[in-house]
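Remarks on the structure that follows.
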Amino acid sequence: MSREQVTDKIVATKVRQGLKWADVAAKVGLSKEWVTAACLGQMTLNAQQAAVIGEIFSLSEQERKWLTVVPYKGSLPTTVPTDPLIYRFYELVNVYGTTIKELIHEEFGDGIMSAIDFTLVLKREADRRVIGCASPCPASSCRTRPTEAGGG
């Protein structure tokens, strides 16, 4: 048994049961971004969080223990940049890249996020740097969210 095998089981169960990361996160009591990253093997859960995830995904005790082990972070094999600031963006994408991709596909459907037609926001909030981006969702690849379409 390995952490990668536990991740594969979580993803397979999510797909099979039609679960949403936001619903899983609500049960854990943390953000969907963090919980998704944890379920994809990029964060360490405590025993209580691992128990909740274990219950949702029908994990054995051994599999639940893997969720509490500090992971080898970085899900994208690539050349490492040397500039410290750029490296942090590399690290961010390496750790959260699969999480961002999973959440974008779940929320908007299959498609890419434009790095040409997008808005980048960088601002200061007290002692924090806030960086964000917004990209249009082409009608050909963007699902209408059920709540916006009047559905459940």
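The values are calculated or read from the model by the stated rules, or taken from the named source; none is laboratory data. Because the structure is predicted, anything quoted here is derived from the model rather than measured. Cβ: placed from backbone, ideal geometry, glycine included. Neighbour counts: every protein chain shown.
Taking the criterion of being surrounded by 12 or more Cβ atoms within 10 Å (Cβ to Cβ), modelled with pLDDT of 85 or more and charged (D, E, K, R), the residues of segment 59-115 that qualify are 63, 64, 65, 91, 101, 102, 106, 107. Could you tell me whether residue 86 is within 22 Å of residue 101 (Cα to Cα), of a type in the set (A, V, I, L, M, F, W, C) and in contact with a Phe, Trp or Tyr (Cβ under 6 Å, 6 or more places away or on another chain)? No, not satisfied. Beta carbons closer than 7 Å, at least 6 apart along the sequence or on distinct chains, pair a first residue in segment 32-47 that is under 18 Å from residue 22 (Cβ atoms) with a second that is of a type in the set (Lys, Arg) and surrounded by fewer than 21 Cβ atoms within 10 Å (Cβ to Cβ) for 42/73.
Tell me, yes or no, whether segment 7-24 has at least one residue that is touching a Lys or Arg at 6+ places or on another chain (Cβ under 6 Å) and either among the polar types (S, T, N, Q) or touching a residue at least 12 places away in the same chain (Cβ under 8 Å) (or both). For segment 7-24, residues touching a Lys or Arg at 6+ places or on another chain (Cβ under 6 Å) and either among the polar types (S, T, N, Q) or touching a residue at least 12 places away in the same chain (Cβ under 8 Å) (or both): present.
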